[in-house]
Amino acid sequence: MKYMLMVLGSQADYDAMAGKGSPGNPAWSEADIKAMFDHMNALNDDLAESGEWVDGQGLAEPRGARLVTAGADGSPIVSDGPYGETKEVLAGYWIVDVADFARAAEIAARAYACPVPEGAPNYPVVVHPVGQDVGTEM
């Protein structure tokens, strides 16, 4: 079964990782960044080795995202807002192919255990089935 594991974040988190802290979001040091990347790379390597890896990416900061709609002629209309009020956005994801939800939850818990600086937010990891029928039990 395939699941998407989604890591959440905010623009303030990206700013903090770039060394620009804010209230409730302390600036990350080079050691903090290295610890995060070491943790995530080890998780990625283990998933690839076990054959459970399908895809995974960290996403660029939210301020680089754009909204796209279509004009009457079907041509794209691109804007940089307005965005809905949101505290968190998708910061990265994995697509995994695992035996069941329990295994996906184990991987999500390991991702959640990624080290962050003291006082930094640590968001839950969202586990979402991919391509299953509506109403399918996990």
Task: 18 Å reach of a label modelled at GLU106, 7 Å along Cα-to-Cβ, counting backbone N of the stretch 44-58 - done: 44-54
TODO: Can you check what the net charge comes to around ALA65, using other residues whose Cβ is under 14 Å from the Cβ of ALA65 (Lys, Arg +1; Asp, Glu -1)?
DONE: -1
- [ ] State, to one decimal in nm, how far the label point of SER22 lies from the label point of ALA60, with both points 7 Å from Cα in the Cβ direction.
- [x] 2.0
Open item on the list: Could you work out [θ]222 nm for the chain from helices alone, using -39500 (n - 2.57) per DSSP H run of at least four and dividing by all its residues? Round to the nearest 500 deg cm²/dmol.
Closed with: -9000 deg cm²/dmol
TODO: Sequence neighbours fewer than 8 away in the same chain don't count; with that in mind, list the aspartates and glutamates whose C-alpha is under 20 Å from LYS2.
DONE: ASP45, ASP46, GLU49, GLU52, ASP55, ASP97, ASP100, GLU106, ASP133, GLU137
Task: Efficiency of FRET from Cβ geometry, SER75 and HIS128, R₀ 30 Å, rounded to 0.05 - done: 0.40
Task: Highest-first arrangement of 63-70, 114-121, 11-18, where packing means the average Cβ count within 10 Å - done: 11-18, 114-121, 63-70
Open item on the list: To the nearest 20 Debye, how big is the dipole of the chain about its Cα centre, given +1 on the beta carbon of each Lys and Arg and -1 on that of each Asp and Glu?
Closed with: 340
Task: Contour excess over end-to-end distance, with Cα ends at ASP45 and ASP97 and 0.36 nm allotted per residue - done: 17.3 nm
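Taken together, the values in this text are just the output of simple stated rules run on the coordinates, not laboratory data. The shown structure was predicted, so the numbers you read here are calculated from the model rather than taken from an experiment. Here Cβ is always computed from backbone atoms with ideal geometry, including for glycine, and neighbour counts include all displayed protein chains.
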